[in-house]
Every structure is written in C-alpha cells, then in structure tokens.
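Asker: What follows is a single structure, and I will ask about it in a moment.
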Amino acid sequence: MKKISLIFIAFVLAACQSMDNSTISPFTEAPLFGMIYDSESSPVSGAKVILDDTATAFTDINGRVVLQAVSRGEHTVVIQKKGFEEMRIKVNFSSREQVLYANLLSMDTILGNMEKALLSGELTEAEAFMQRASSINPDNISLQYLSAMYHIRKKSYTQALTELKYLAVRYPDDPYLVMTRAHILFFGLGQKDSSIRILQSYLSLHTNEEVENLIKTLSNRQDPKTKQDD
C-alpha cells in the first residue's frame, strides 16, 4: 500500500510539473481573452475591441471577447462602445493564461461625476468631466445643461445663456429652461427688463404658475446692479 501511495504521488508531481511547463513555455501566438465591464462591474456587450489598429472583435452578452492569434509582446488595445468613453491601453502579452480586464465609463457615470463636482464647487474637476463627456456626445442634453451650470458657477453668464438658448430651441415648452435664463439675466447680468420679457413671452404661449410667480417676484425687486460677464 505504501509503495502504491508513493507511485501515485510521483505520478501527480510529474503531471503538475508537466502542466507548469506547458503554462510557462514560450509561445509565438496565442488567443488573448478579455472581460469588459462598466463602472458598476456589469458586463458590457457589443463593445468593439481593436488590437494594434488591425484585428477587431466584439464582446458577447457577458462582456467576454477573444482576440485570436495574438503575438507575444507589447500591443495597443482600443475599446469602443457607443455611450461610453473610449479606452486605449497598453498590453504586454506574456502568458497564455493572461486575461485582459477593462472597465468602461458610461456617459451617465461621467455626467454624474460632473454634477457631484459642481455641487461641491470643484470646478476644475467638473471641467475635466465636461470635456470627457463632450468627447462621447457633445449634443447630449444633460451635458449641455450641466455645461450651463458650470458657466454660471464660473460667472461666465453670457456663455451660460448661449448653452441654455440652444436647449430652449430644442425644448421650447420647458419652463425650467426659461426660468433659469431669467435668473441669469436678472441676477447675473442685471438685466431686469430682459429677464421679465422672456418670462412673459413664455406665458403668451403656455400657462405655468411657477413662471407667473417668478415674474411677480422679479417685478417687485429693485433693479440689480449691472454686472460684467467674465
């Protein structure tokens, strides 16, 4: 029995050594496996994975991807998905067992970070998130509104008005856009008449109690001092 046990142990050790040798043995080409997730660690399906600007593959429903016949050594991998920030990473492919893991940031995540930065007064950080979001979709409605809020925080009131006017063209029935513009004109630029005028123009086409109350509030206030835009 002891002899059989020794033979069995010797066999297992030999098998393990054989497996280790196959794992670390040099190779010329091998498949490179990848797992692509979002910031919440959920798989991202349909992401485009580009190796060295040539080979292309797409992630499956579980966020998995396989790049076939990848040569040993340094490579550049670009990961793209609509609604997500593009990721470009360097990979040193040195083991058959190697797996590429990546976390993509979505537009919503970046905008959420921008909003938090604005609320905490971190304008430099907010600007960085704004630029990153613009690289994904500069026409995003939430981005344009947050951009206007950023310019208000920076006291760049004319630029904020430009952002809001663009939104107002797309959403002419939104009362909060017109009220925000009125606030900027009144409190930021000291233009009481212009502020009340755009509110009255809105009420000529719509009925809104909040807009009516804002007109009353601004009408009863003294003219603010004229302020210069930064």
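The values are calculated or read from the model by the stated rules, or taken from the named source; none is laboratory data. Please read these numbers as outputs of a predicted model, since none were measured by experiment. For neighbour counting, all protein chains shown are included, and Cβ atoms are generated from backbone atoms with ideal geometry for every residue, glycine included.
Asker: Looking at the stretch 183-192, is at least one residue surrounded by fewer than 17 Cβ atoms within 10 Å (Cβ to Cβ) and among the charged types (D, E, K, R)?
Answerer: Of the stretch 183-192, the ones surrounded by fewer than 17 Cβ atoms within 10 Å (Cβ to Cβ) are 183, 190.
Of the ones still in play, those that are also among the charged types (D, E, K, R) are none.
No, that holds for no residue.
Asker: What are the residues in the stretch 126-154 that are without any contact (Cβ under 8 Å) to a residue 12 or more places away in the chain and assigned to a helix (DSSP H, G or I), if any? Outline the logic, then answer.
Answerer: Looking only at the stretch 126-154, we keep the residues that are without any contact (Cβ under 8 Å) to a residue 12 or more places away in the chain, and these are 128, 131, 134, 138-139.
Hits for the stretch 126-154 are 128, 131, 134.
Asker: Can you name the residue in the stretch 155-175 that is in a helix (DSSP H, G or I) and of a type in the set (Lys, Arg) and is also surrounded by the fewest Cβ atoms within 10 Å (Cβ to Cβ) among such residues?
Answerer: 170
Asker: I'd like the full set of residues that are among the aliphatic types (A, V, I, L, M) and surrounded by fewer than 13 Cβ atoms within 10 Å (Cβ to Cβ), limited to the stretch 64-99. Walk me through how you get there before you give the answer.
Answerer: Filtering the stretch 64-99 down to residues among the aliphatic types (A, V, I, L, M) leaves 65-67, 69-70, 77-79, 87, 89, 91, 99.
Answer for the stretch 64-99, where residues must be among the aliphatic types (A, V, I, L, M) and surrounded by fewer than 13 Cβ atoms within 10 Å (Cβ to Cβ): 69, 89, 99.
Asker: Checking the conditions here, which among 124, 76 is of a type in the set (Val, Ile, Thr), modelled with pLDDT of 95 or more and not assigned by TED's automatic domain parsing to the domain that holds residue 156?
Answerer: Every option except 76 fails the conditions.
Asker: Residues in the stretch 111-125: is at least one in contact with a Pro (Cβ under 9 Å, 6 or more places away or on another chain) and either among the small types (Gly, Ala, Ser) or farther than 18 Å from residue 39 by Cβ (or both)? I'd like the intermediate steps shown before the answer.
Answerer: Taking the stretch 111-125 as the starting set, the residues that turn out to be in contact with a Pro (Cβ under 9 Å, 6 or more places away or on another chain) are none.
Among the residues of the stretch 111-125, not one is in contact with a Pro (Cβ under 9 Å, 6 or more places away or on another chain) and either among the small types (Gly, Ala, Ser) or farther than 18 Å from residue 39 by Cβ (or both), which makes the answer no.
Asker: Checking the conditions here, which among 150, 171, 145, 176 is modelled with pLDDT of 95 or more and out of contact with any Gly (no Cβ under 6 Å at 6 or more places or on another chain)?
Answerer: The conditions single out 150.
Asker: Is it the case that some residue within the stretch 60-80 is acidic (Asp, Glu) and touching a residue at least 40 places away in the same chain (Cβ under 8 Å)? Walk me through it before giving the result.
Answerer: Taking the stretch 60-80 first, the residues acidic (Asp, Glu) are 60, 74.
If we keep only those that are touching a residue at least 40 places away in the same chain (Cβ under 8 Å) as well, we get none.
The answer is no; no qualifying residue exists.
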